[in-house]
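Participant: This is the structure I have questions about; it appears just below.
The values are calculated or read from the model by the stated rules, or taken from the named source; none is laboratory data. The structure displayed is predicted, hence computed values, not measured ones. Neighbour counts run over all protein chains shown; Cβ positions are idealised from the backbone, glycine included. Accessible surface is based on the protein model in full, side chains and every heavy atom, while ligands, DNA and RNA are left aside. Shrake-Rupley method; radii C 1.70, N 1.55, O 1.52, S 1.80 Å.
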Amino acid sequence: MAERTVDRSHMQVSDEVAIQISKMNKWYGTFHVLRDIDLTVNQGERIVIAGPSGSGKSTLIRCINRLEEHQAGQIIVDGTELTSDLKNIDKVRSEVGMVFQHFNLFPHLTILENLTLAPIWVRKTPKKEAEEVAMHYLEKVKIPEQAHKFPGMLSGGQQQRVAIARSLCMKPRIMLFDEPTSALDPEMIKEVLDTMIELAEEGMTMLCVTHEMGFAQAVANRVIFMDQGQIVEQNNPHDFFNNPQSDRTKLFLSQIL
Ligand code: ADP
Ligand code: MG
């Protein structure tokens, strides 16, 4: 496997807890989709979540910003427990950005309008300020020249970078990625991964569901393997890939590497 040469030595993980999940369980109807999930994520961690299709990866990260509701156990994000309290849900959502496989940009709005919509209407940021922030992040993802185009005029990789910039405009403390490169043509995957690598280097706390194991090796400080709704194994990337412990992890790695 081609290993990216990223120097991880400066990517510090703090002692401060960002996300604390304990004994968390979730059902879809009678289907027990997440079982006794225990997971503590510190600020600055870059976690890759791997596992076969249907193992509950998306459900887990969707629970972290309450796009899905858990039924038992506890999820605490930045000190706020996720319950049905709408105030808490709003607070957590304002701190947690999410990027999906499909970019979910509004097709009838320009890139700049996509980026300023939530800051103006949800955060009540003055338009001019919202546009300045949006341009800052478009420069960061290296497509400021696309600001006045519509999403359909951009490539998939560019649209995904817009989606990342849109999240960043809300100044999140944690970013969740759910297979952000899975819908992209191969030649566009790198530009999105490079954007994610930059975010990691700036200290963003990140949870990434991805099949990009080169990214995991280069950027993650921890790889989590899920199967059938459980965290089966977790380790630093070197040991995860070179010395997997469980048979399920070994089987999974033999299929994807
Ligand atoms: P992954 O992201 O690892 O592929 P998911 O979290 O999407 O897995 O799904 C885990 C399991 O839950 C799968 O069996 C899936 O079919 C099921 N599932 C996902 N979403 C729903 C839903 N809204 N209602 C019922 N079952 C669901
Ligand atoms: Mg999924």
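Participant: How large is the dipole of the chain about the Cα centre if only Lys and Arg carry +1 and Asp and Glu carry -1, each at its Cβ, rounded to the nearest 20 debye?
Facilitator: For the chain, the charge dipole is close to 560 debye.
Participant: Next question, about the same structure. Give me the 1.4 Å probe accessible area per residue for the chain, excluding ligands and nucleic acids, in Å².
Facilitator: Values: 12020 Å² over 257 residues.
That works out to 47 Å² for each residue.
Participant: Could you work out, for the chain, what percent of all Cα-Cα pairs fall into each 5 Å distance bin, beginning at 0 Å and stopping at the bin that holds the largest distance?
Facilitator: The distribution over the chain is 1, 6, 13, 17, 19, 17, 14, 8, 4, 1, 0, 0, given as percents.
Participant: Continuing with this model, one more query. So, taking all protein chains as they sit and a 1.4 Å probe, how much accessible area belongs to residue 84, in Å² rounded to tens?
Facilitator: 90
Participant: Enumerate the lysines that residue 190 could reach by cross-link, defined here as Cα to Cα under 16 Å, with residues fewer than 8 away along the same chain left out.
Facilitator: Within the straight-line limit of under 16 Å, residue 190 reaches these lysines: 140, 142.
Participant: In nm, what is the difference between 0.36 nm times the number of residues separating residue 135 and residue 171 and their Cα-Cα distance?
Facilitator: Length difference between fully extended and current span is 11.6 nm.
Participant: Once you have the Cα-Cα distance between residue 27 and residue 122, take 0.36 nm times their residue separation minus that, and quote the gain in nm to one decimal.
Facilitator: 31.1 nm
Participant: Just subtract the alpha-carbon distance of residue 74 and residue 185 from 0.36 nm times their residue separation and send over the number in nm, one decimal.
Facilitator: 36.2 nm
Participant: Could you give me the percent of Cα pairs per 5 Å distance bin for the stretch 58-143, shortest bin first, beginning at zero and ending with the bin that holds the maximum distance?
Facilitator: 3, 12, 18, 20, 16, 16, 10, 4, 1
Participant: With a 1.4 Å probe and all protein chains kept in place, how do 48, 232, 122 rank by accessible area, largest first?
Facilitator: Working: 48 0, 232 40, 122 105 Å².
Putting 48, 232, 122 in descending order of accessible area: 122, 232, 48.
Participant: Turning to a different aspect of this structure: Assign one of three labels to the stretch 114-173, namely rounded, prolate or oblate, based on the Cα gyration tensor with a ≥ b ≥ c the square roots of its eigenvalues; rounded applies when a/c is under 1.5, prolate when it is not and a/b is larger than b/c, and oblate otherwise.
Facilitator: Note, shape of the stretch 114-173 comes out prolate.
Participant: Based on the alpha-carbon gyration tensor of the stretch 160-206, what equivalent-ellipsoid semi-axes (square roots of 5 times the eigenvalues) come out, in whole Å, largest first?
Facilitator: Listed largest to smallest, the semi-axes of the stretch 160-206 are 19, 11, 9 Å.
Participant: Also, I was wondering about something else. Could you work out the Kirkwood radius for the stretch 10-158, taking every pair of different alpha carbons, averaging 1/r and inverting it, reported in Å? Don't skip to the end; give the middle numbers.
Facilitator: On the way: mean 1/r = 0.0564 Å⁻¹.
Answer for the stretch 10-158: a Kirkwood hydrodynamic radius of 17.7 Å.
Participant: Roll a 1.4 angstrom probe over the protein heavy atoms and tell me the percent of accessible area of the chain that is carbon or sulfur.
Facilitator: Carbon and sulfur together cover 50 percent of it.
Participant: Further, regarding this structure: Based on Cα coordinates alone, diagonalise the gyration tensor for the stretch 129-257, multiply each eigenvalue by 5, take square roots, and list the semi-axes in whole Å, largest first.
Facilitator: 32, 16, 12
Participant: For the charge dipole of the stretch 102-233, defined by +1 on Lys and Arg C-beta atoms and -1 on Asp and Glu C-beta atoms about the Cα centroid, which residue among 146, 120, 163 has the Cα displaced farthest towards the positive pole?
Facilitator: About the Cα centre, the residue reaching furthest to the positive side is 120.
Participant: Under a plain spin-label model, where a point goes 7 Å from the Cα along Cα-to-Cβ, how far apart in nm are residue 38 and residue 254?
Facilitator: For residue 38 paired with residue 254, the spin-label model returns 3.0 nm.
Participant: Which FRET efficiency, nearest 0.05, do residue 17 and residue 202 yield, Cβ-Cβ r, R0 25 Å? Before the final figure, lay out the partial values.
Facilitator: Working: r = 20 Å, r/R0 = 0.79.
After rounding to 0.05, the efficiency reads 0.80.
Participant: Per DSSP helix of 4 or more residues, -39500 (n - 2.57); summed, then divided by the residues of the chain. What does that give at 222 nm, rounded to the nearest 500?
Facilitator: Helix-only estimate at 222 nm: -11000 deg cm²/dmol.
Participant: Still on this structure: Less than 17 Å from a label point 7 Å out along the Cα-to-Cβ axis of residue 142: which backbone N atoms in the stretch 200-241 qualify, by residue?
Facilitator: 200-202, 215
Participant: While we're here: Name the aspartates and glutamates eligible as straight-distance cross-link partners of residue 127: C-alpha to C-alpha under 14 Å, and not fewer than 8 places from it in the same chain.
Facilitator: Filter leaves 113.
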